[in-house]
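S.K.: Take a look at the following structure, please.
The values are calculated or read from the model by the stated rules, or taken from the named source; none is laboratory data. What you see is a predicted model, and the numbers here were worked out from it, not measured in a lab. Don't worry about glycine lacking a Cβ; one is built from the backbone with ideal geometry, like all the others, and counts go over all protein chains shown. Calculation scope for accessible area: heavy atoms of the full protein, side chains included, ligands and nucleic acids excluded. Shrake-Rupley method; radii C 1.70, N 1.55, O 1.52, S 1.80 Å.
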Amino acid sequence: MNLSKSDEICAAFGIERVLVVPGNHDYPALSPILRAHPDVAVRVSRSSWLLPRPFRLRIGGRTLLTLSGATSVDRYWRLPSEWSSDETITDADIAAAIRGGPADIMVSHESPSDTPVRAVRHILRTNPLGFPRESLIESAASRVRVRQVWDAVNPPMAFHGHLHAPGGGTTPDGRRLISLGCNGQEGNLAIVNLGDLTVEVPTLREIRGHEAEVGS
(Lines give C-alpha, C1' and ligand atoms only; values in the text may rest on other atoms or scores of the structure.)
Protein backbone atom coordinates (compact mmCIF):
# COMPACT_ATOMS: atom_id res chain seq x y z
CA MET A 1 0.00 0.00 0.00
CA ASN A 2 1.29 3.42 -0.96
CA LEU A 3 0.85 5.27 2.33
CA SER A 4 1.99 8.59 0.93
CA LYS A 5 -0.63 8.41 -1.82
CA SER A 6 -3.25 7.34 0.70
CA ASP A 7 -2.41 10.31 2.91
CA GLU A 8 -2.63 12.60 -0.11
CA ILE A 9 -6.12 11.31 -0.99
CA CYS A 10 -7.29 11.58 2.61
CA ALA A 11 -6.10 15.18 2.81
CA ALA A 12 -7.88 16.03 -0.45
CA PHE A 13 -11.21 14.73 0.84
CA GLY A 14 -10.93 15.79 4.48
CA ILE A 15 -10.58 12.22 5.80
CA GLU A 16 -8.85 12.37 9.17
CA ARG A 17 -7.98 8.70 9.59
CA VAL A 18 -8.12 5.30 7.93
CA LEU A 19 -8.53 2.36 10.32
CA VAL A 20 -7.25 -0.82 8.69
CA VAL A 21 -8.82 -4.19 9.55
CA PRO A 22 -6.18 -6.55 8.11
CA GLY A 23 -7.21 -9.37 5.84
CA ASN A 24 -5.65 -12.81 5.68
CA HIS A 25 -2.95 -12.02 3.09
CA ASP A 26 -1.84 -8.93 4.99
CA TYR A 27 -0.33 -10.80 7.91
CA PRO A 28 3.04 -11.86 6.45
CA ALA A 29 3.91 -8.17 6.15
CA LEU A 30 1.99 -6.77 9.12
CA SER A 31 2.57 -9.38 11.83
CA PRO A 32 5.91 -7.93 13.01
CA ILE A 33 4.28 -4.51 13.50
CA LEU A 34 1.22 -5.86 15.29
CA ARG A 35 3.28 -8.16 17.52
CA ALA A 36 5.53 -5.30 18.54
CA HIS A 37 2.47 -3.30 19.66
CA PRO A 38 -0.02 -5.86 21.02
CA ASP A 39 -3.66 -4.94 21.61
CA VAL A 40 -3.37 -1.33 20.46
CA ALA A 41 -3.99 0.52 17.22
CA VAL A 42 -0.67 1.24 15.48
CA ARG A 43 -0.20 4.44 13.50
CA VAL A 44 1.72 3.77 10.28
CA SER A 45 1.25 7.09 8.49
CA ARG A 46 -0.29 10.52 8.95
CA SER A 47 -3.80 9.09 8.45
CA SER A 48 -3.52 5.27 8.60
CA TRP A 49 -3.78 2.98 11.62
CA LEU A 50 -3.56 -0.83 11.86
CA LEU A 51 -6.09 -2.42 14.22
CA PRO A 52 -5.34 -5.51 16.34
CA ARG A 53 -7.74 -8.46 16.68
CA PRO A 54 -10.25 -7.81 18.14
CA PHE A 55 -10.63 -4.07 18.54
CA ARG A 56 -13.44 -1.83 19.79
CA LEU A 57 -13.98 1.88 19.36
CA ARG A 58 -16.77 4.46 19.31
CA ILE A 59 -17.45 6.58 16.25
CA GLY A 60 -20.34 9.01 16.00
CA GLY A 61 -21.94 7.58 19.12
CA ARG A 62 -21.81 4.03 17.74
CA THR A 63 -19.86 1.07 19.11
CA LEU A 64 -17.76 -0.62 16.43
CA LEU A 65 -16.18 -4.06 16.77
CA THR A 66 -13.52 -5.16 14.31
CA LEU A 67 -12.29 -8.72 13.86
CA SER A 68 -9.41 -8.99 11.42
CA GLY A 69 -7.99 -12.09 9.77
CA ALA A 70 -9.43 -15.03 7.87
CA THR A 71 -8.34 -18.46 6.75
CA SER A 72 -6.53 -18.44 3.39
CA VAL A 73 -8.16 -21.05 1.18
CA ASP A 74 -5.13 -20.83 -1.12
CA ARG A 75 -2.49 -21.26 1.56
CA TYR A 76 -1.47 -24.72 0.34
CA TRP A 77 -0.63 -23.11 -2.99
CA ARG A 78 1.58 -20.44 -1.40
CA LEU A 79 5.24 -20.34 -0.41
CA PRO A 80 5.90 -20.39 3.36
CA SER A 81 6.90 -16.72 3.24
CA GLU A 82 3.55 -15.87 1.65
CA TRP A 83 1.44 -17.18 4.54
CA SER A 84 1.28 -16.50 8.28
CA SER A 85 -0.55 -18.43 10.99
CA ASP A 86 -1.36 -15.04 12.54
CA GLU A 87 -4.23 -14.80 10.04
CA THR A 88 -6.16 -17.42 12.03
CA ILE A 89 -8.95 -16.24 14.33
CA THR A 90 -8.42 -18.09 17.61
CA ASP A 91 -10.63 -19.11 20.51
CA ALA A 92 -8.94 -16.39 22.57
CA ASP A 93 -9.85 -13.82 19.93
CA ILE A 94 -13.47 -14.96 20.06
CA ALA A 95 -13.59 -14.73 23.84
CA ALA A 96 -12.06 -11.24 23.83
CA ALA A 97 -14.46 -10.01 21.15
CA ILE A 98 -17.52 -11.34 22.98
CA ARG A 99 -16.34 -10.10 26.37
CA GLY A 100 -16.83 -6.50 25.30
CA GLY A 101 -20.59 -6.96 24.96
CA PRO A 102 -22.99 -5.77 22.24
CA ALA A 103 -21.91 -3.64 19.29
CA ASP A 104 -23.75 -1.49 16.77
CA ILE A 105 -21.52 -2.41 13.84
CA MET A 106 -19.15 -5.30 13.25
CA VAL A 107 -16.43 -5.26 10.61
CA SER A 108 -14.56 -8.47 9.85
CA HIS A 109 -12.57 -9.80 6.94
CA GLU A 110 -13.96 -13.33 7.21
CA SER A 111 -17.63 -14.05 6.51
CA PRO A 112 -19.78 -15.61 9.23
CA SER A 113 -21.15 -19.09 8.59
CA ASP A 114 -24.76 -19.53 7.47
CA THR A 115 -24.57 -16.19 5.70
CA PRO A 116 -27.74 -14.55 4.39
CA VAL A 117 -25.75 -13.13 1.43
CA ARG A 118 -26.72 -15.09 -1.68
CA ALA A 119 -23.53 -14.24 -3.61
CA VAL A 120 -21.38 -15.62 -0.80
CA ARG A 121 -23.49 -18.78 -0.49
CA HIS A 122 -22.99 -19.38 -4.21
CA ILE A 123 -19.20 -19.07 -3.95
CA LEU A 124 -19.08 -21.44 -0.99
CA ARG A 125 -21.35 -23.97 -2.66
CA THR A 126 -19.61 -24.07 -6.05
CA ASN A 127 -15.91 -23.57 -5.11
CA PRO A 128 -15.23 -22.08 -8.56
CA LEU A 129 -11.44 -21.91 -8.14
CA GLY A 130 -11.17 -25.54 -7.00
CA PHE A 131 -9.57 -25.00 -3.61
CA PRO A 132 -8.47 -28.23 -1.89
CA ARG A 133 -10.66 -30.01 0.64
CA GLU A 134 -8.27 -29.26 3.54
CA SER A 135 -8.58 -25.54 2.84
CA LEU A 136 -12.36 -25.70 2.66
CA ILE A 137 -12.57 -27.45 6.03
CA GLU A 138 -10.31 -24.84 7.66
CA SER A 139 -12.26 -22.02 6.03
CA ALA A 140 -15.57 -23.40 7.27
CA ALA A 141 -14.21 -23.56 10.83
CA SER A 142 -13.05 -19.94 10.56
CA ARG A 143 -16.50 -18.82 9.45
CA VAL A 144 -18.08 -20.62 12.43
CA ARG A 145 -15.83 -18.61 14.77
CA VAL A 146 -16.92 -15.34 13.18
CA ARG A 147 -20.54 -16.44 13.44
CA GLN A 148 -20.08 -17.04 17.17
CA VAL A 149 -18.94 -13.45 17.61
CA TRP A 150 -21.62 -12.06 15.29
CA ASP A 151 -24.38 -13.83 17.21
CA ALA A 152 -22.99 -12.89 20.62
CA VAL A 153 -22.46 -9.16 20.04
CA ASN A 154 -25.64 -9.00 17.92
CA PRO A 155 -24.90 -5.91 15.81
CA PRO A 156 -27.75 -4.66 13.61
CA MET A 157 -25.20 -4.15 10.82
CA ALA A 158 -22.04 -6.05 9.83
CA PHE A 159 -19.56 -5.93 6.96
CA HIS A 160 -16.95 -8.36 5.66
CA GLY A 161 -14.68 -8.88 2.66
CA HIS A 162 -12.53 -11.91 1.78
CA LEU A 163 -14.87 -13.74 -0.61
CA HIS A 164 -14.81 -11.11 -3.38
CA ALA A 165 -18.57 -11.60 -3.61
CA PRO A 166 -20.35 -8.25 -3.20
CA GLY A 167 -23.91 -8.40 -1.96
CA GLY A 168 -26.13 -8.08 1.05
CA GLY A 169 -28.64 -10.01 3.07
CA THR A 170 -30.74 -9.91 6.21
CA THR A 171 -31.11 -12.58 8.87
CA PRO A 172 -34.57 -13.67 10.12
CA ASP A 173 -34.04 -11.53 13.23
CA GLY A 174 -33.35 -8.42 11.13
CA ARG A 175 -29.55 -8.13 11.20
CA ARG A 176 -28.03 -6.81 7.98
CA LEU A 177 -24.84 -8.25 6.53
CA ILE A 178 -22.94 -6.68 3.63
CA SER A 179 -20.21 -8.54 1.75
CA LEU A 180 -17.80 -6.11 0.07
CA GLY A 181 -16.02 -6.71 -3.22
CA CYS A 182 -12.29 -6.52 -3.80
CA ASN A 183 -10.39 -3.63 -5.37
CA GLY A 184 -11.67 -2.92 -8.87
CA GLN A 185 -14.89 -4.86 -8.26
CA GLU A 186 -18.37 -3.36 -8.05
CA GLY A 187 -19.48 -3.04 -4.44
CA ASN A 188 -16.02 -2.64 -2.92
CA LEU A 189 -16.93 0.44 -0.88
CA ALA A 190 -19.76 1.23 1.51
CA ILE A 191 -20.58 4.54 3.20
CA VAL A 192 -22.47 4.23 6.49
CA ASN A 193 -24.62 6.96 8.01
CA LEU A 194 -23.95 6.46 11.71
CA GLY A 195 -27.11 8.31 12.64
CA ASP A 196 -29.59 5.82 11.21
CA LEU A 197 -27.24 3.05 9.96
CA THR A 198 -28.31 3.47 6.36
CA VAL A 199 -25.73 2.42 3.78
CA GLU A 200 -24.74 3.80 0.39
CA VAL A 201 -22.66 1.65 -1.97
CA PRO A 202 -21.10 3.86 -4.68
CA THR A 203 -20.74 2.45 -8.19
CA LEU A 204 -17.34 1.96 -9.78
CA ARG A 205 -18.12 4.87 -12.09
CA GLU A 206 -18.64 7.16 -9.10
CA ILE A 207 -15.46 5.90 -7.39
CA ARG A 208 -13.37 6.28 -10.54
CA GLY A 209 -14.74 9.75 -11.08
CA HIS A 210 -13.34 10.75 -7.68
CA GLU A 211 -10.03 9.09 -8.57
CA ALA A 212 -9.81 11.18 -11.72
CA GLU A 213 -10.58 14.31 -9.69
CA VAL A 214 -7.72 13.57 -7.29
CA GLY A 215 -5.35 12.77 -10.17
CA SER A 216 -6.05 16.10 -11.85
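S.K.: On the principal axes of its Cα set, how long, how wide and how thick is the range 116-215? Give whole Å, largest value first.
M.R.: 45, 34, 18
S.K.: Separation between the THR171 and ARG78 pseudo-spin-labels, each 7 Å from Cα along Cα→Cβ, expressed in nm?
M.R.: For the pair THR171/ARG78, the computed spacing is 2.8 nm.
S.K.: Could you give me the radius of gyration and the Dmax of the range 11-170, taking only the C-alpha atoms into account and expressing both in angstrom?
M.R.: So, for the range 11-170, Rg and Dmax equal 15.8, 46 Å respectively.
S.K.: Which shape class applies to the range 1-73: rounded if a/c is under 1.5, otherwise prolate when a/b exceeds b/c and oblate if not, where a ≥ b ≥ c are the square roots of the Cα gyration tensor eigenvalues? Provide the component values of the computation, followed by the final result.
M.R.: Details: a/c = 1.79, a/b = 1.22, b/c = 1.46.
Oblate, because a/c is 1.5 or more while a/b does not exceed b/c.
S.K.: Net charge around LEU65, counting only other residues with Cβ within less than 10 Å of its Cβ (Lys, Arg = +1; Asp, Glu = -1)? Don't skip to the end; give the middle numbers.
M.R.: Numbers: positive: ARG56; negative: ASP104.
Every neighbour counted, the sum reads 0.
S.K.: Using a 1.4 Å probe on the protein chains only, how many percent of the accessible area of the range 1-82 belongs to carbon and sulfur?
M.R.: Working: 2610 of 4640 Å².
Here carbon and sulfur together make up 56 percent of the probe-accessible area.
S.K.: Sticking with this one: Between LEU204, LEU64, LEU180, which gets the highest mean-square fluctuation from a Gaussian network model of the chain, Cα cutoff 10 Å?
M.R.: Of LEU204, LEU64, LEU180, the most mobile in the Gaussian network model is LEU204.
S.K.: Just add up the charged neighbours of ASN154: K/R +1, D/E -1, any other residue whose Cβ is under 11 Å from the Cβ of ASN154. List each step's numbers first, then the result.
M.R.: On the way: positive: ARG175; negative: ASP104, ASP151, ASP173.
Around ASN154, the surrounding residues sum to -2.
S.K.: Using a 7 Å offset from the Cα along the Cα-to-Cβ direction at both ARG147 and ARG99, what is the distance between the two label points in nm, to one decimal?
M.R.: 2.5
S.K.: Would you mind getting me the FRET efficiency between GLU8 and ASP196? Use the beta-carbon distance for r and R0 = 45 Å, nearest 0.05. Numbers along the way, then the final one.
M.R.: Values: r = 32 Å, r/R0 = 0.70.
The value I calculate is 0.90.
S.K.: Which of these, PRO102, PRO128, PRO156, has the largest mean-square fluctuation under a Gaussian network model of the chain (Cα springs below 10 Å)?
M.R.: PRO128
S.K.: Then there's this: If the chain between GLU206 and ARG125 were fully stretched, how many nm would it gain, using 0.36 nm times the residue separation less the Cα-Cα distance?
M.R.: Numbers: separation 81, 0.36 × 81 = 29.16 nm, distance 3.19 nm.
This chain segment gains 26.0 nm when fully extended.
S.K.: So between ALA41 and GLU16, what do we pick up on full extension, going 0.36 nm a residue minus the alpha carbon distance? List each step's numbers first, then the result.
M.R.: On the way: separation 25, 0.36 × 25 = 9.00 nm, distance 1.51 nm.
Stretched out fully, the ALA41 to GLU16 stretch lengthens by 7.5 nm.
S.K.: If the elastic network links every pair of Cα atoms under 10 Å, which of SER81, SER111, SER139 fluctuates the most in the Gaussian network model of the chain?
M.R.: SER81
S.K.: Pick out, from TRP83, SER108, GLY174, the residue whose Cα sits farthest towards the positive end of the charge dipole of the range 50-197, with +1 on the Cβ of Lys and Arg and -1 on the Cβ of Asp and Glu.
M.R.: Result: GLY174.
S.K.: Give me the percent of DSSP beta bridges within the range 1-78 that run antiparallel, rounded to the nearest 5. The partial results should precede the final answer.
M.R.: Details: 7 of 10 bridges.
Of all bridge pairs located within the range 1-78, approximately 70 percent are antiparallel.
S.K.: Something else now. Determine, from the Cβ-Cβ distance of HIS164 and THR90 and an R0 of 22 Å, the FRET efficiency 1/(1 + (r/R0)^6), rounded to the nearest 0.05.
M.R.: On the way: r = 24 Å, r/R0 = 1.11.
Working from the Cβ atoms, E equals 0.35.
S.K.: Is there a quick way to get the dipole size of the chain? I mean about its Cα centre, with the Cβ of Lys and Arg at +1 and of Asp and Glu at -1; what is the value in debye to the nearest 20?
M.R.: Values: 23 positive and 24 negative charges, 50 e Å.
For the chain, the charge dipole is close to 240 debye.
S.K.: Right, here's the next one. Once R0 is set to 22 Å, what does the formula 1/(1 + (r/R0)^6) return for the Cβ-Cβ distance between ILE33 and ARG58, expressed as a FRET efficiency to the nearest 0.05? Intermediate results must be reported in sequence, preceding the final value.
M.R.: Working: r = 24 Å, r/R0 = 1.10.
According to the calculation, E is roughly 0.35.
S.K.: Something else about it: Averaged per residue, what accessible surface does the range 30-168 expose to a 1.4 Å probe, in Å²?
M.R.: Dividing the accessible area of the range 30-168 by its residue count gives 49 Å².
S.K.: If I model a spin label at CYS182 and ASN154 as a point 7 Å from the Cα along the Cα→Cβ vector, what separation in nanometres do I get?
M.R.: Here the modelled spin labels are 3.7 nm apart.
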